[in-house]
Amino acid sequence: MPFQHAADHTCAPQPQRRLLALLPALMLGAASLAGAAELSVADAERHAQGTYREYFEFLSLPNDAISPEDIRKNVDWAEQAFRKRGFKTQQLANNGKPMLYAELANSDAARKTVLFYMHLDGQPVIPTQWAQKSPWTPVLKRKTAQGGWEEIDSAQLFSGPLDPEWRVFGRASADDKGPIMMMLATIDALKARGEQPAVNVKVILDSEEEKGSPSISQVMQANRELLRTDAIVIHDGPMHATNLPTLIFGNRGAADAKLTVYGAKVPLHSGHYGNYAPNPAQRLANLLASMKNDQGKVTVPGYYDHVKISQADRKIMAAVPDDQAALQRRLGIAHADKVGANYQEAMQYPSLNVRGMASAAVGDKVANIVPDKAEAELDLRTTPDSSAAYLGKRIEEHIVRQGYHLVKGAPTDEERSRYDKLATFSYQSEGADAAGSPIDSAVGKWAYKSLTDSFGASPAPVRIRMMGGTVPTAEIVGVLQVPFAIIPLVNADNNQHAANENLRMGNYVNGVRTIHSLLTHPL
Ligand SMILES: [Zn+2]
């Protein structure tokens, strides 16, 4: 902190010294206007440590949403934990698997409101794959010299000095009970410091995120008034691999598509009919080749027409510290596709991906035949501006332009006699749409300032405009229609969804610092 240094500096001339001496007061004044001073690492660690027993208790409750009874135990537990910290709570009905709503008391109409989304359910477990007694019995581990993990006495976690490299292993330790606990520890810190939050705090804990949040939209719709907010923050998923503070502003959606090209009515002898009966496998290959070039760019007209990326966004994406050389080595590819200038930019475009192709005679079925049909399974990653319906329509038009007549299912004899090229094309959304929020929205700027105030501007927080994979953000934010930011808090190597899921304890502490900073900056 430069001002402390300046205030101690006694050799400055008198007037300058007076001015410098005033600086701490001025800066503190500014800080208290903004809400409060940032939480020091030591303070965050102390308040984090104060919640570690509860964290272990929470992790010992099985939370696979296949069991409504287990979910209810988790909701009851979380309700108590929020209540005892001064939250008003309500269980939101959801087919026997309630979600929890919690609102910090003393909300003020003069302040903006932020709804924090987290989830208390977890992925199913296969206990035998875990290197501990049970995925529901959390354990503390430290890294061995050989790079493995050894269990140590978890009592060390509850009192005494902490090591940020220690990790707690257990189902949902990172995804997503860790962030819920970081929120609770942050509230403890606010109370201990006598701070008022600079935003009104609402929390919703989903109970079926790992099942794709099938009912979050309905629950949000049914409780629209209660959940009314100016912004949504989602604490879920892993941080950037560098473990730098991370902000994510959207994700692609997913759709399935299937393309079948028809040949003769039955498979034919390739000696007697080769050069005579058109080959549908060959035609399918040609058709697919007409859709995408060797550089990976989709050549279907209009496919990328809705993609708009500003210069400012391009700069932010280029600044993401992805190690692309290492990535390409890991993947075993000499060059990436040329869709975007870098990994991040490539994720901003809708994709057209061939998942697989099949025709009559491959593998153990190989025979000298001309197949009767050939099929390709595709998936389309969608973006907020390029929906499954938009992309599907562009592909359909393209197929027709290549001379195909589209049929629904196997063609009739009449269709066979009339049309040379016959195909079936179908597509449907996988139920998860794309979502996006501008990086420079009020919530984007607020989150960025909060993170740079607490963690510094260099290196800057990682800002991801849109991540490639699909998570249910659209379902979460769709009903309330407000800007959002995904602010992940857990280490990228947390084995999320797999065996030996874990949370790095340094991330728990930094999570408390992050949420504290968000809560004490006005939106
Ligand atoms: Zn999650």
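Residues in segment 274-279 carry Karplus couplings, in order, of x, 6, 10, 8, x, 9 Hz; the curve used is 6.51 cos²θ - 1.76 cosθ + 1.60 with θ = phi - 60°, and Gly or Pro positions show x.
What residues of segment 35-69 lie in the reach of a label at S134, counting those whose backbone N is under 15 Å from a point 7 Å from the Cα along Cα→Cβ? It comes to 56-64, nothing else.
Per residue, the average separation of C-alpha pairs within less than 8 Å and at least 6 apart gives the chain a relative contact order of 25 percent.
At a Förster radius of 41 Å, what calculated FRET efficiency corresponds to the Cβ-Cβ distance of Q324 and E397, to the nearest 0.05? Show your work: numbers first, answer last.
Details: r = 35 Å, r/R0 = 0.84.
For R0 = 41 Å, the calculated efficiency reads 0.75.
In whole percent, and with a 1.4 Å probe on the protein chains, what portion of the accessible area of segment 355-473 is carbon and sulfur?
On the way: 2940 of 5920 Å².
Ligands and nucleic acids excluded, carbon and sulfur give 50 percent.
On average, how much accessible surface per residue is there in segment 319-438, in Å², for a 1.4 Å probe, leaving out ligands, DNA and RNA?
Working: 6660 Å² over 120 residues.
Here the residues of segment 319-438 average 55 Å² of exposed surface.
Across segment 122-137, computed HN-Hα scalar couplings (Karplus, 6.51 cos²θ - 1.76 cosθ + 1.60, θ = phi - 60°) run x, 5, x, 10, 10, x, 5, 7, 9, 8, 7, 4, 8, x, 9, 10 Hz from first to last residue, x flagging Gly and Pro. With 0.36 nm allotted per residue and the present C-alpha distance subtracted, the S107-S270 stretch has 51.0 nm of extension available.
Might you report the magnitude of the Cβ-based charge dipole of segment 103-157 about its Cα centre, with Lys and Arg at +1 and Asp and Glu at -1, to the nearest 20 debye? Mind showing how you got there, number by number?
Numbers: 6 positive and 6 negative charges, 36 e Å.
I would put it at about 180 debye.
Along the axis of the charge dipole computed for the chain (Cβ charges of +1 for Lys and Arg, -1 for Asp and Glu, origin at the Cα centre), the listed residues A241, G178, H269 are led at the positive end by A241. How large a share of the accessible area of segment 272-315, in percent, is made up of carbon and sulfur atoms when the probe is 1.4 Å and the other protein chains stay in place? Roughly 49 percent, rounded to a whole number. Run the numbers on segment 365-461 and let me know its relative contact order in percent, using alpha-carbon pairs under 8 Å that are six or more apart. That works out to 25 percent.
State to the nearest 20 debye the size of the charge dipole of segment 403-523 about its Cα centre, where the only charges are +1 on K and R beta carbons and -1 on D and E beta carbons. Could you put the intermediate results ahead of the total?
Details: 10 positive and 11 negative charges, 92 e Å.
Dipole of segment 403-523, to the nearest 20 debye: 440 debye.
Using the Cβ atoms and a cut-off under 15 Å, what net charge is assigned to the surroundings of R381, where Lys and Arg are +1 and Asp and Glu are -1? The partial results should precede the final answer.
Values: positive: R252, K292, K297, R355, R394, R465; negative: D256, D337, E345, E377, D379, D385, E430, D433.
With Lys, Arg at +1 and Asp, Glu at -1, the net is -2.
Please give the length that would be gained between D420 and A93 if that part of the chain were fully extended, namely 0.36 nm times their separation in residues minus their C-alpha to C-alpha distance (nm, one decimal).
Separation in residues times 0.36 nm, less the Cα-Cα distance, equals 112.1 nm.
Taken per residue, the accessible surface of segment 164-251 reaches 27 Å², heavy atoms only and a 1.4 Å probe. Rounded to the nearest 500, the 222 nm mean residue ellipticity of the chain from helices alone is -10000 deg cm²/dmol, with -39,500 (n - 2.57) taken per DSSP H run of at least 4 residues. Remark: segment 56-62, residue by residue, has Karplus-estimated 3J(HN,Hα) of 4, 4, 4, 5, 7, 9, x Hz, where x stands for each Gly or Pro and the curve is 6.51 cos²θ - 1.76 cosθ + 1.60 at θ = phi - 60°.
Amide H contacts under 5 Å for I464: L247, I248, F249, restricted to partners 5 or more places along the chain or on a different chain, H placed in the peptide plane at 1.01 Å from N. For D206, the residues whose modelled amide H falls within less than 5 Å of its own, excluding neighbours fewer than 5 places apart on the same chain, are M118, H119, L120. For S159, what charge total do you get from the other residues with a beta carbon under 14 Å from its beta carbon, if Lys and Arg give +1 and Asp and Glu give -1? Here the count lands on -1. Segment A410..I66, full-extension length gain: 119.9 nm, with 0.36 nm per residue of separation and the alpha-carbon distance subtracted. Count the lysine pairs in segment 186-342 whose Cα atoms sit under 26 Å apart, keeping only pairs 8 or more residues apart in sequence or on different chains. Summing the qualifying lysine pairs gives 13. Spin-label model, I126/E57: points 7 Å from Cα along the beta carbon direction are separated by 3.4 nm. Amide H to amide H, with H built 1.01 Å from N, I234 comes under 5 Å of Y117, A485, I486, I487, counting only residues 5 or more places away or on other chains. Relative to the Cα centre, the charge distribution of the chain, modelled as +1 at Lys and Arg Cβ and -1 at Asp and Glu Cβ, gives a dipole magnitude of about 840 debye.
Taking every DSSP beta bridge with both residues inside the chain, roughly what % is antiparallel (nearest 5)?
Values: 54 of 76 bridges.
About 70 percent, rounded to the nearest 5.
The values are calculated or read from the model by the stated rules, or taken from the named source; none is laboratory data. Small disclaimer: the values here were computed from a predicted structure and weren't measured. For neighbour counting, all protein chains shown are included, and Cβ atoms are generated from backbone atoms with ideal geometry for every residue, glycine included. Surface accessibility is based on the protein's heavy atoms, side chains included, excluding ligands, DNA and RNA. Shrake-Rupley method; radii C 1.70, N 1.55, O 1.52, S 1.80 Å.
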